[in-house]
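The values are calculated or read from the model by the stated rules, or taken from the named source; none is laboratory data. In this text the structure is predicted, and so the values were computed from the model without any measurement. Cβ placement follows ideal geometry from the backbone for every residue including glycine, while neighbour counts extend to all protein chains displayed. All accessible areas refer to the heavy atoms of the entire protein, side chains included, with ligands and DNA or RNA removed. Shrake-Rupley method; radii C 1.70, N 1.55, O 1.52, S 1.80 Å.
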Amino acid sequence: MKLLVTGGAGYVGSVCTAHLLDAGHDVTVLDDLSTGHRDAVPSGAAFVQGDVAVAASGVLAEGYDGVLHFAARSLVGESVVDPAKYWHGNVVTSIALLDAVRAHRVPRLVFSSTAATYGEPETSPITEDSPTRPTNPYGATKLAIDHAITSYAAASGRELGAVSLRYFNVAGAHGAFGERHTTETHLIPLVLQVAAGTREQVAIYGDDWPTADGTCVRDYIHVDDLADAHLRALDVAPTGEHLICNLGNGTGFSVREVIEACRRVTGHPIPAAVAPRRAGDPAVLVASAARAHERLGWTPTRGDLDGIVADAWAFVRSRVPA
Ligand code: UDP
């Protein structure tokens with residue numbers, strides 16, 4: 001298939017691009033490089049540097065079989081202090097992309113959604129029918145885009161099939177493609193910075209949560225498993241509907257368990273200190289991915305926490321000067 005990947009210079013977008021190329025697809029990456037890296041774009045992909053809202057229509061006019069939309073602002077804390085950056089950068093941009101998809105009759109759209117659309121869950125594991133009450137503008141903008149996609153697919157006269165994939169905690173790396181955010185907020189890369197010697201210690205955001213060891217529990221999923229779901233979504237997308245699927249392993253690990261796994265994998269003592277809770281953090285976020293199993297035929301195979309950390313660590317070490 002001829003595919004457009006927005007945000008293909010970012011973490012998840014670059015890994016998915018690598019998988020798409022391996023599967024024989026013809027891929028164009030569109031990215032403004034505001035947070036992504038040009039050298040993260042796999043070499044087999046064509047690259048267009050530009051604002052998705054401005055450039056997508058011109059690219060799609062060439063005729064495409066599908067769009068995978070990863071380009072987004074994704075920092076929860078930043079979304080609270082600068083919501084305009086998120087409503088414009090995520091929602092307005094995505095509407096422009098949807099207009100271009102409609103205008104050029106692209107039949108498939110796969111969207112990078114998030115567990116942040118659910119907010120504080122009432123029950124665990126979270127299913128796609130759980131209430132969506134995001135607790136920050138980042139999650140609210142991703143939910144708004146999901147709603148927009150539902151409307152566009154419904155009005156497309158079965159021309160557009162769309163799949164939103166709601167990621168839980170993506171981690172790990174795919175060889176040379178991994179997580180390298182300028183502003184890093186995610187637990188595993190922060191802990192590995194300590195092991196790599198670029199950070200002194202890691203903060204544990206609260207140890208008085210209602211969980212077994214008092215620290216927050218999350219569902220960590222290997223980025224390769226995530227990419228596999230995107231390839232499957234492309235195959236099921238052309239049905240004229242909008243399918244929403246959670247992507248997670250259905251198993252939770254606490255912050256302390258993650259730090260322990262990082263100690264085992266790296267052999268570094270990794271000093272950790274308990275800090276106050278982080279605003280907006282739910283105690284437990286674990287996915288039910290039953291729908292992805294059923295509709296996409298997707299089963300994650302890389303759920304082992306030490307394996308996820310080992311791949312992330314190999315990536316970190318490959319980038320630290322010897
Ligand atoms: N966390 C932590 N210390 C850090 C970063 C994160 O204790 O330096 C915790 C955070 O409170 C959450 C979990 O680790 O419970 C995962 O956080 P992350 O930011 O990686 O992902 P989120 O679940 O917020 O999407």
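Worth a mention:
- Burial order of peptide ranges 154-160, 285-291 (average beta-carbon count within 10 Å, highest first): 285-291, 154-160
- The chain - accessible surface per residue (Å², probe 1.4 Å): 41 Å²
- For the peptides 113-119, 66-72, the ranking by packing is 66-72, 113-119, with the highest mean count of neighbouring Cβ atoms within 10 Å listed first.
- Of the listed residues Arg278, Arg166, the order by accessible area with a 1.4 Å probe, largest first, is Arg278, Arg166.
- Multiplying the residue separation of Thr182 and Lys2 by 0.36 nm and subtracting their alpha-carbon distance yields 61.7 nm.
- Counting only DSSP beta bridges whose two residues both lie in the chain, roughly 5 percent are antiparallel.
- Calculated FRET efficiency for the pair Val320/Ala61, C-beta based, R₀ 51 Å, to 0.05: 0.75
- Sequence-separation-based contact order of the chain, relative, with Cα cut under 8 Å and 6+ spacing, percent: 18 percent
- From phi via Karplus (6.51, -1.76, 1.60), per-residue ³J(HN,Hα) for region 87-96 in Hz, x at Gly/Pro: 5, 6, x, 9, 6, 4, 5, 5, 5, 4
- Helical content alone sets the calculated 222 nm signal of the chain at -11000 deg cm²/dmol, taking -39,500 (n - 2.57) per DSSP H segment of four or more residues and averaging over every residue.
- Secondary structure note: in region 174-322, about 35% of the DSSP beta bridges are antiparallel.
- Taking the C-alpha atoms only, the angle from helix 255-266 to the longest principal axis of the chain is near 80 degrees.
- Ordering of 297-306, 215-224 by packing is 215-224, 297-306, highest average first (other Cβ atoms within 10 Å, averaged per residue).
- Heavy-atom SASA rank of Ser43, Ser130 (probe 1.4 Å, accessible area, largest first): Ser43, Ser130
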